[in-house]
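Rule-based calculations on the coordinates, nothing more; no lab input. All of these numbers come straight from a predicted model, not from anything done at the bench. Cβ coordinates were reconstructed from backbone atoms using ideal geometry, including for glycine residues, and neighbour counts include every protein chain displayed.
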Amino acid sequence: MAMHQPAFDDPGIDWGGRPLADTTFCVVDLETTGGSPKKGSKITEVGAVKVRGGEILGEFQTLVNPDQLIPAFITVLTGITDQMVVEAPRIAEVLPSFLEFARGTVLVAHNAPFDVGFLKHAAGELGIDWPGFDVVDTAVLARRTLLRDEVPNVKLATLAARFSPVQPDHRALTDARATVDVLHALFERLGTWGVSTVEDVASFTSKVTPAQRRKKHLADGLPDAPGVYLFRDARGDVLYVGTSRSLRTRVRSYFTKAETRTRMGEMIALAEKVDTVVCATDTEARVRELRLIDRHRPPYNRRSKFPERAMWLRLTDEPWPRISLVRGVVEGAATHIGPFGSRKQAEAAMATLHDAFRIRQCTGRLPLSPSRAACVLAELGQCLSPCDGTVTVEDYTHEVGRVRRAMSADPVEVVAHLEQRMAHLATSQRFEDAAVMRDRAASLIRAVRRTQRLDSLAREPELIAAAPHDEGWQIHVVRHGRLAAAAILPRDIARTPGATAGWVDTLLTTAESVEPAPRPMPAALIEETESLLRWLESPGVRMVRGSWTSAWPAAARHLERFDVERQFAMPAEAPGLG
């Protein structure tokens with residue numbers, strides 16, 4: 001029989017009322033050769049800290065010989081090399097020792113499914129019975145305890161920067177020590193709600209408050225249909241926007257123990273009314289949700305509220321082009337990539353381009369025949385120095401062309417340059433510098449890929465696509481990356497010869513008129529266009545009118561080597577259909 005692995009957010013579990021101060025926790029962290037044991041990845045290091053009542057009782061740390069080569073990007077990330085693990089014990093020796101160390105404790109890990117999953121998989125391969133550990137995930141606790149105003153995300157590095165003097169460095173024991181501090185900080189925060197036992201922690205996010213029960217009448221009379229719902233306060237201001245395939249069922253869930261988010265409990269206490277917008281398809285509901293969030297900026301929606309904060313990189317259209325940070329796309333011959341989620345990501349991508357190409361980094365326009373003094377970058381050979389007239393227009397234009405190809409077509413030249421630099425840094429044991437370079441490269445490659453995908457839809461004046469539906473076909477009209485209309489084509493009409501064309505013509509008379517935006521910017525919110533792209537790429541979708549093909553993965557093919565964050569990303573609590 002498969003064993004259920006309980007976690008602190010499992011409602012209804014009897015944890016026996018154990019005081020947190022008297023409970024022994026084993027905080028564990030692993031380093032591995034990849035992101036999934038089911039795909040052959042192995043453990044390379046185990047680190048653990050045993051604590052009780054704020055006191056450290058012991059530590060456990062060992063490298064592990066994975067019996068396979070460690071990928072170069074993992075070495076760059078962790079600093080663990082093949083030479084370091086060649087004499088290390090194998091997991092068959094390490095796992096029993098760790099299980100003895102952790103016996104009788106509550107396991108703690110940041111993104112526990114990753115670490116516990118690797119340990120359980122190893123136990124299964126070795127024929128070792130996995131003990132019935134209770135498990136707490138500090139990522140889940142942080143997500144449900146902290147507000148976005150306090151921390152932008154619940155990554156360990158972000159939380160450690162706020163709660164721990166230990167900075168995570170992708171080494172198992174260091175990261176486990178940082179997680180200990182995060183755990184204690186979260187427990188202190190939970191204490192303000194009277195949470196003092198393991199049982200309290202288990203029920204903290206699952207109990208139904210009297211305020212929630214009193215508001216259950218807000219779901220009365222809502223349609224049992226897909227669409228968008230809006231919680232409003234006594235003044236009519238929008239508190240929260242969500243989507244569901246069944247509006248009635250989803251809104252009712254906010255007044256039961258199925259709703260576990262603390263912030264939603266606060267929102268329900270303020271809510272006095274629920275409005276709904278019935279939609280033809282799930283995709284239309286998602287798009288309307290995004291537009292309503294953008295319009296109302298509800299305080300209890302964490303995502304999609306500030307699209308104007310996004311940054312773009314622009315290769316300017318001027319006599320001596322340069323790369324600049326901008327808030328949006330403008331008409332003209334300039335080349336843009338983005339949008340980036342933050343200025344930091346945009347600056348990282350810009351630094352990658354400047355590292356690979358000798359384009360000028362000074363700001364401001366230069367005349368066609370400049371006469372300034374050369375800067376330090378020119379003296380170091382990192383800039384062609386158009387400011388002092390030592391480079392010809394033809395040579396500089398050639399360099400700009402290389403930058404433009406990297407931004408708009410394929411960053412292969414950048415990748416080749418960075419791989420050479422990273423290999424040199426790794427050979428020199430400068431793993432942190434190599435990791436910085438790798439992260440910068442990932443920022444650039446993700447942006448180029450994102451731009452290519454957005455532009456593939458933004459350039460299409462109109463396309464009509466269909467996908468199977470229980471009642472026939474769901475039809476979407478997309479114009480310049482914006483959803484212009486959505487409807488369900490009944491099965492009987494679809495089966496009638498010649499009837500579909502007339503039905504589509506009628507739908508088009510109700511479709512929204514859309515003016516194109518400066519490319520590669522779509523005529524819609526970025527998240528809307530990306531939602532439409534995901535739908536178009538889903539199985540079963542076919543073109544009814546117009547044509548569209550997914551962008552050639554010129555940039556995406558480089559992601560596997562550089563995008564470590566994606567490979568080890570924690571599961572996101574992304575908004576979507578409930």
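Applying 0.36 nm per residue to the separation of Thr506 and Glu100 and subtracting their alpha-carbon distance, the gain on full extension is 139.1 nm. Our coupling estimate for region 29-45, obtained by passing each phi through the Karplus curve with A = 6.51, B = -1.76, C = 1.60 and θ = phi - 60°, is 9, 10, 10, 9, 8, x, x, 8, x, 6, 9, x, 5, 10, 7, 10, 7 Hz, Gly and Pro reported as x. Per residue of the chain, the DSSP helices (runs of n ≥ 4 H) give a summed -39500 (n - 2.57) that works out to -12000 deg cm²/dmol at 222 nm.
Listed peptides 531-539, 455-463 appear in the order 455-463, 531-539 once ranked by packing, highest mean of other Cβ atoms within 10 Å at the front. What the Cβ-Cβ distance of Arg405 and Glu188 gives, at R0 = 60 Å and to the nearest 0.05, is a FRET efficiency of 0.70. Multiplying the residue separation of Gln83 and Ala333 by 0.36 nm and subtracting their alpha-carbon distance yields 84.9 nm. Ignoring aspartates and glutamates fewer than eight residues from Lys273 along the same chain, the ones with Cα atoms less than 12 angstrom from its Cα are Asp220, Asp233, Asp237.
Ranked by the mean number of other Cβ atoms within 10 Å of their residues, highest first, the peptides 76-89, 361-374 fall in the order 76-89, 361-374.
In the chain, Cα pairs under 8 Å separated by at least six residues give a relative contact order of 11 percent. For Met543 and Asp224, a Förster radius of 41 Å and the Cβ-Cβ distance give a FRET efficiency of 0.80, rounded to the nearest 0.05.
Sorting Lys273, Lys155 by the number of Cβ atoms found within 10 Å of their own Cβ, with the fewest placed first, yields Lys273, Lys155. With the highest mean first, a sort of the peptides 111-118, 163-170 on other beta-carbon atoms found within 10 angstrom per residue produces 111-118, 163-170. What FRET efficiency, computed as 1/(1 + (r/R0)^6) with R0 = 22 Å and r the Cβ-Cβ distance, is obtained for Ile128 and Arg90, rounded to the nearest 0.05? Approximately 0.95, to the nearest 0.05. Cβ-to-Cβ counts within 10 Å put Glu347, Glu289 in ascending order as Glu347, Glu289, the fewest first. Expressed as a rounded percentage, what relative contact order does region 20-204 have, with Cα pairs under 8 Å and six or more residues apart? The value is 25 percent. The modelled label-to-label distance between Gln361 and Glu515, using points 7 Å beyond Cα along the C-beta direction, is 4.0 nm. When the chain is described by a simple charge dipole with +1 on each Lys and Arg Cβ and -1 on each Asp and Glu Cβ, the residue from Thr75, Ala486, Leu425 located farthest towards its positive end is Ala486. Scaled against the 2.2 N^0.38 Å expected of a compact globular protein of N residues, the Cα radius of gyration of region 20-204 reads 1.02. Going from the fewest other Cβ atoms within 10 Å to the most, the residues Ser196, Ser443 appear in the order Ser196, Ser443.
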